[in-house]
Amino acid sequence: MDVQKILSEGITLQTSGTTGFPKQIFQSPEKLRASNLSAIDSQQLTYKSTIYTVCKMAHAGGMLAQTLPAMSIGCDILIEDFNAYKWVKNINKFTHSHLTPKHCKAIMGTKGWQTLDLNGVWITCGSDIVDWYVINAFVRKGATFMANWGMTEIGPCAINTVFDSLDKVEEYRSKIVHGIDGQASYPLLGDRFYCDYRIANGELVVKGDICVYDDWFYTGDLVEESKGGLFYRGRK
């Protein structure tokens, strides 16, 4: 992968389709530089970090969450298709990996999960709702776990929370916003912000250098703000 070409010319990525029909979105060099900085800062990446990429490189999660930021500062990186058993076998060779919630649950279902030690490993998780039991399970294994919100249009490291102890998991669980319409509680979106945001009629609206648009971007995500964090209520 020609990192310098991507950073100087930009790249087009496809949305995952999680929140609608997949579409192509161009990432300008200026946006990439800003998103790299937010990814490096939010995940404490350094040139000594080692990255295990298992998300699709055609999507923002695979390309922009860790891989391109890490490449820009000279990290060692392995890129391969996700396999839960192989991930469990290989992860202790690395300091960072980015997973989707489905990846996490598949990993938790492997035999190797029972004896897995994730001390010293940073897991960033996003692209869909991150359940509390997933956060708790990975932190219990010793991982530093970053629950992250972002979109191809902004971020991907835009709004997040880092869990580095079980005490913090329990502290944040106590902040749970209980939902309505049969929903037991609203999942935490995050309380660390790498973009400007506001809430318009319940919808999350964002803006910043890590966004592909100059003006405010209406995300379509419905949120509620409580106790310093944003909680996810669903799609508009």
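The values are calculated or read from the model by the stated rules, or taken from the named source; none is laboratory data. Keep in mind the model is a prediction, meaning the values are calculated, not measured. All Cβ positions, glycine included, derive from the backbone under ideal geometry; neighbour counts span all protein chains shown. Ligands, DNA and RNA are stripped out before the accessible areas are found, and what is left, the full protein with its side chains, is counted by its heavy atoms. Shrake-Rupley method; radii C 1.70, N 1.55, O 1.52, S 1.80 Å.
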Inset, instruction - Considering only residues that are surrounded by fewer than 21 Cβ atoms within 10 Å (Cβ to Cβ) and among the hydrophobic types (A, V, I, L, M, F, W, C), look in the range 88-103 and name the one that is farthest from Asn136 (Cα to Cα). - result: Phe94
Inset, instruction - Please specify each residue of the range 137-162 satisfying the condition of being more than 13 Å from the chain's Cα centre (by Cα) and under 25 Å from Leu222 (Cβ atoms). - result: Glu153
Legend entry - Cross-chain or 6+ apart pairs with Cβ under 8 Å, the range 30-52 first and open to solvent by 10 Å² or more (accessible area, probe 1.4 Å), then among the basic types (Lys, Arg) and not in a loop (DSSP other than H, G, I, E, B): Thr50/Lys93
Inset, instruction - Within the range 63-81, work out how many residues are touching a Lys or Arg at 6+ places or on another chain (Cβ under 9 Å), among the hydrophobic types (A, V, I, L, M, F, W, C) and not in a strand (DSSP E or B). - result: 2
Legend entry - Residue that is nearest to Ser127 (Cα to Cα) [pool: residues in the range 142-165 that are in contact with a Phe, Trp or Tyr (Cβ under 6 Å, 6 or more places away or on another chain) and open to solvent by 10 Å² or more (accessible area, probe 1.4 Å)]: Glu153
Inset, instruction - Test each condition in (1) charged (D, E, K, R); (2) part of a strand (DSSP E or B); (3) open to solvent by 20 Å² or more (accessible area, probe 1.4 Å) for Asp221 and report the one that comes out false. - result: (3)
Legend entry - Scan of the range 58-76 for residues that are open to solvent by 50 Å² or more (accessible area, probe 1.4 Å), hydrophobic (A, V, I, L, M, F, W, C) and in contact with a strand residue (DSSP E or B) (Cβ under 8 Å, 6 or more places away or on another chain), ordered by number: Ala58, Met71
Inset, instruction - Name the single residue, out of those in the range 6-19 being closer than 17 Å to Asp128 by Cβ and open to solvent by 40 Å² or more (accessible area, probe 1.4 Å), that is modelled with the highest pLDDT. - result: Gln14
